[in-house]
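Contents: one structure, followed by commentary.
The values are calculated or read from the model by the stated rules, or taken from the named source; none is laboratory data. What you are looking at is a predicted structure, and each value in this text was computed from that prediction instead of being measured. Heads up, the Cβs are rebuilt from the backbone with ideal geometry, glycines too, and the neighbour counts pull from every protein chain shown.
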Amino acid sequence: MDVGDKRIGMAISDQMGWTAQGIDTLERKSEEEDLEKIQDVIKHYSPEKIVIGLPKNMDGSLGFQGEKVKEFGELIAKVFPGEIIYWDERLTTVYAHRILIEGDMSRRKRKKKVDKIAAVFILQSYLDYLNNQKKESR
């Protein structure tokens, strides 16, 4: 998940855990409504883990937005029995914007897609890390 103040981008991995695909962008309304929609997604996809992008400052410290994301993750933990993983998301939104600009997408359409693309980058980074760990342990 790419959790922002206005939208939450979501992605899911394939069953093998190799690739991430974007599934939805949730327009934020209220914590209660957001959690209801997230519960619907959880019921539909039955994930074992939820990976939440953690915005950090460039020096690696956690800022105000990072604290807000962790608080939201704690709310999700109340409705999700599986593991919640926070994953460094520095520059994922920048890369998502760059990809969409290179694809000649209008600014208005980019706004609706960028969070989902950022969620794909976050999840793919996590999956790549796991798969590299598996290769190194062989």
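Summed over segment 38-64, residues that are of a type in the set (S, T, N, Q) and touching a residue at least 24 places away in the same chain (Cβ under 8 Å) total 1. Can you name every residue in segment 42-63 that is hydroxyl-bearing (Ser, Thr, Tyr) and assigned to a loop (DSSP other than H, G, I, E, B)? Residues satisfying the conditions are Ser46, Ser61.
Taking segment 13-40 as the range and being buried (at least 18 other Cβ atoms within 10 Å of the Cβ) and among the β-branched types (Val, Ile, Thr) as the test, the residues that pass are Thr25, Ile38. Taken together, Glu83, Glu74, Glu89 contain a single residue that is of a type in the set (Asp, Glu) and under 14 Å from Ala119 (Cβ atoms), which is Glu89.
There is no residue in segment 90-98 that is touching a Leu at 6+ places or on another chain (Cβ under 7 Å) and surrounded by 13 or more Cβ atoms within 10 Å (Cβ to Cβ).
Residues that are in contact (Cβ under 8 Å) with a residue 60 or more places away in the chain and either at positive phi or assigned to a loop (DSSP other than H, G, I, E, B) (or both) within segment 1-23 comprise Met1, Gly4, Asp5, Gly17, Trp18, Thr19, listed in sequence order. Please pick out the residue among Gly73, Gly66 that is modelled with pLDDT under 95, surrounded by 12 or more Cβ atoms within 10 Å (Cβ to Cβ) and assigned to a helix (DSSP H, G or I). When all the criteria are applied, what remains is Gly66.
Taken as a whole, the condition of being assigned to a strand (DSSP E or B), closer than 22 Å to Arg28 by Cα and not charged (D, E, K, R) applies to Ile84.
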